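**Q** One structure, pasted below without further comment.
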Amino acid sequence: MIRWIDKYLEESLLLVLGSVMTVITALQVFMRHVMNSSLSWSEELARYCFIWLVYIGISYGVKMQRHIKVDALLHFLKDRQKIYLSLIANLIFLAFSIFIVIYGYDISRQLLGWGQTSPALHIPMGIVYLATPVGFAITSIRLIQQIILQILTLLGKRDFDVKTEQDFALEQEEEIS
């Protein structure tokens with residue numbers, strides 16, 4: 001079960017959130033243009049699904065090594081130097097993620113305590129705001145996994161490849177041909 005969660009957590013959540021968002025938006029379009037009626041809750045639900053999708057997507061980007069980074073410098077470095085630079089970047093990103101988890105949770109807890117609810121769905125706004133600390137908590141886990149792999153690689157006990165956008169483009173070309 002833990003291996004499945006490790007392998008498919010983000011993909012599953014992104015699939016569900018994206019599907020719900022798409023279906024709800026399509027239903028709203030149908031209701032407006034065909035039935036001449038509107039659903040009061042659909043846009044709010046689609047918006048909240050999108051918010052959660054973005055924060056879970058950050059974790060997925062880290063897991064796949066596709067998070068936003070400037071990799072121009074990586075082209076000039078050798079393999080071991082790439083790992084050192086990537087390790088430093090991941091440590092800084094981890095510190096930022098932990099900061100966001102702590103303060104994002106505090107904000108969510110406060111909103112849950114105040115009892116504020118969304119206008120149409122009447123769900124606690126603290127749940128919507130939990131997307132930030134939950135997404136960054138999963139991101140932190142993924143960063144720790146990568147940091148461990150990078151350290152093991154530097155110690156010669158594991159292989160870890162720092163991928164650049166050029167590497168991803170080459171992989172896509174190989175898959176197509």
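The values are calculated or read from the model by the stated rules, or taken from the named source; none is laboratory data. None of the values given here were measured: they were computed from a predicted structure. Every residue, glycine as well, gets a Cβ built from its backbone with ideal geometry; the counts of neighbours run over all protein chains shown.
**Q** Can you list residue pairs whose Cβ atoms sit under 9 Å apart, with the first residue in region 102-122 being acidic (Asp, Glu) and the second being outside any loop (DSSP other than H, G, I, E, B)? Count only pairs 6 or more apart in sequence or on different chains.
**A** 106/133
**Q** On the given criteria, is residue 48 part of a helix (DSSP H, G or I), at pLDDT below 95 and of a type in the set (Ser, Thr, Tyr)?
**A** So residue 48 does not fit the description; no.
**Q** While we're looking at this one, here's another question. For region 29-81, enumerate the residues that are out of contact with any Pro (no Cβ under 8 Å at 6 or more places or on another chain) and of a type in the set (D, E, K, R).
**A** 32, 43, 47, 63, 66, 69, 71, 78, 79, 80
**Q** I need the full set of residues from region 114-171 which are under 23 Å from the mean Cα position of the chain (by Cα) and modelled with pLDDT under 90, in order please.
**A** Those that are under 23 Å from the mean Cα position of the chain (by Cα) and modelled with pLDDT under 90: 160, 161, 162, 163, 164, 165, 166, 167, 168, 169, 171.
**Q** Go through region 100-145 and count every residue that is surrounded by fewer than 20 Cβ atoms within 10 Å (Cβ to Cβ), among the polar types (S, T, N, Q) and closer than 28 Å to residue 160 by Cβ.
**A** Result for region 100-145: 1.
**Q** Still on this structure, I have one more. Within region 67-82, take every residue that is under 19 Å from residue 139 (Cα atoms) and surrounded by 13 or more Cβ atoms within 10 Å (Cβ to Cβ) and give me the one that is modelled with the highest pLDDT.
**A** 67
**Q** Within region 21-50, work out how many residues are among the hydrophobic types (A, V, I, L, M, F, W, C), within 15 Å of the chain's Cα centre (by Cα) and surrounded by 18 or more Cβ atoms within 10 Å (Cβ to Cβ).
**A** The total comes to 1.
**Q** Okay, moving on. Among the numbered criteria (1) touching a residue at least 40 places away in the same chain (Cβ under 8 Å); (2) surrounded by 18 or more Cβ atoms within 10 Å (Cβ to Cβ); (3) part of a loop (DSSP other than H, G, I, E, B), which one does residue 55 miss?
**A** The one condition residue 55 does not meet is (3).
**Q** Which of (1) at pLDDT below 95; (2) more than 20 Å from residue 130 (Cα to Cα) is the odd one out, the single condition residue 27 does not satisfy?
**A** (1)
**Q** Do we have residue 109 as in a helix (DSSP H, G or I), modelled with pLDDT of 95 or more and over 30 Å from residue 73 (Cβ atoms) here?
**A** yes
**Q** Kindly list the number of the only condition in (1) loosely packed, with under 12 Cβ neighbours inside 10 Å; (2) within 24 Å of residue 139 (Cα to Cα); (3) modelled with pLDDT of 95 or more that fails for residue 91.
**A** Exception for residue 91: condition (1).
**Q** Continuing with this model, one more query. Is it the case that some residue within region 116-123 is small (Gly, Ala, Ser), more than 28 Å from residue 9 (Cβ to Cβ) and touching an Asp or Glu at 6+ places or on another chain (Cβ under 7 Å)?
**A** Yes.
**Q** When you look at residue 112, is it touching a helix residue (DSSP H, G or I) at 6+ places or on another chain (Cβ under 8 Å) and farther than 15 Å from residue 62 by Cα, yes or no?
**A** yes
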